[in-house]
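Single-structure report; data block below.
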Amino acid sequence: MNLLKYIILGIIQGLTEPLPISSSGHIFLFKQLFNTNLFNSLNFEIISNFGSFIAILIIFWKDIVDLIKSFFTYIFNKEKRKSNLNKFKYCWYIVISTIPVGITGIIFKEKLENLYNLKGLAFAFLITALMLFIVKNIKGEKEDKDITLKDAIIIGLFQAVTIVPGISRSGTVLVACLLCKLKRETALKYTFILYFPVSLATMLLGVSDLMATPNLSDMILPYTIGLISAGIVTYLAYQWLSNLVKKGNLWKFSIYCLVLALFIFIYFR
């Protein structure tokens with residue numbers, strides 16, 4: 001039964017991480033519904049997030065390798081600078097879009113715990129629902145090479161808001177990308193390339209806590225099972241999200257977030 005719980009937790013993480021419905025919000029909600037101390041485990045959150053990280057890395061591996069190669073080729077090979085300029089700028093735009101959420105996270109780190117309450121979570125789901133619905137008819141024309149510094153800053157400012165529990169990171173960044181007139185496929189790619197520095201920083205900050213766990217050796221099996229289940233479900237969930245975004249059906253998640261918000265208001269009144 002204990003292993004089954006970790007599988008379920010891994011599935012929850014894997015399903016909610018790529019989808020625009022807030023993984024942190026769902027973890028907090030499930031914690032309140034089932035009153036289980038498993039959701040208090042920061043270590044498991046780090047492990048399951050790593051499973052999602054690996055899945056997204058597999059999906060975007062070629063893109064990431066291509067961007068890294070182009071970045072350093074631009075710096076060290078003068079003859080190929082022109083052909084790698086757009087990807088070089090793309091890499092810097094990712095950095096620029098990451099800065100606001102990094103600064104916000106550092107400033108408000110100690111205050112984040114106070115944001116975890118059911119009423120606030122319900123309102124956050126309503127905000128996510130509204131954002132997803134607003135962009136339902138938007139179809140931009142910008143490709144990777146057309147992204148500008150202004151776009152990167154706007155997207156970064158939107159992402160900074162996602163430190164609030166219940167505000168979906170992937171959903172908010174997708175909305176920002178679409179508002180900046182990026183193509184749906186381009187918006188999807190930028191959203192998940194932008195996921196890597198944020199997720200990597202979060203995991204690195206938690207490694208020391210993970211290694212200091214007194215019974216870590218006893219948790220290897222359940223943590224591994226949770227990691228694998230999170231990774232598999234994240235991979236499948238992303239494929240589903242990708243199809244919905246390309247068809248312009250991102251707004252359907254707004255219905256889910258709206259229903260979830262109403263459920264919280266009614267059930268926990």
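A short reminder: the numbers here are calculations on the coordinates, not readings from a lab. Computed from a predicted structure; not experimentally measured. For neighbour counting, all protein chains shown are included, and Cβ atoms are generated from backbone atoms with ideal geometry for every residue, glycine included.
Tabulated data for the structure shown
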{"item": "Cα-only radius of gyration and Dmax that characterise the chain, units Å", "result": "18.9, 66"}
{"item": "Helical mean residue ellipticity (222 nm; -39500 (n - 2.57) per DSSP H run of 4+; nearest 500) of the chain", "result": "-24500 deg cm²/dmol"}
{"item": "Where labels lie 7 Å past Cα in the beta-carbon direction, separation of ASN86 and ILE228 in nm", "result": "4.2 nm"}
{"item": "Residue (of CYS177, PHE44, LEU262) at the positive-pole extreme of the chain, dipole from beta-carbon charges", "result": "CYS177"}
{"item": "Cα centroid separation - region 146-202 against region 255-269, whole Å", "result": "26 Å"}
{"item": "Those lysines that a straight Cα-Cα span of less than 28 Å connects to LYS111, excepting residues fewer than 8 apart in one chain", "result": "LYS31, LYS119"}
{"item": "Of the DSSP H helices in the chain, those whose Cα atoms cover at least 20 Å axially and whose Kyte score averages 1.0 or more", "result": "2-16, 42-59, 118-134, 195-211, 220-246, 252-267"}
{"item": "Extent along principal axes [Cα atoms of region 49-91; Å; largest to smallest]", "result": "39, 14, 13"}
{"item": "Separation of the THR202 and LEU130 label points, Cα + 7 Å toward Cβ, nm", "result": "2.4 nm"}
{"item": "Rounded D (µm²/s) - region 1-158, Kirkwood Rh over Cα pairs, Stokes-Einstein at 10 °C, 1.306 mPa s", "result": "84 µm²/s"}
{"item": "Region 1-93 - Kirkwood radius from inverse mean 1/r over Cα pairs (Å)", "result": "15.9 Å"}
{"item": "Per-residue Cβ neighbour rank within 10 angstrom, fewest leading, ARG269, ARG81", "result": "ARG269, ARG81"}
{"item": "Order by protection proxy (mean Cβ within 10 Å, highest first), peptides 217-224, 43-50", "result": "43-50, 217-224"}
{"item": "SER217 paired with VAL65, simple spin-label distance in nm, labels 7 Å along Cα-to-beta-carbon", "result": "3.8 nm"}
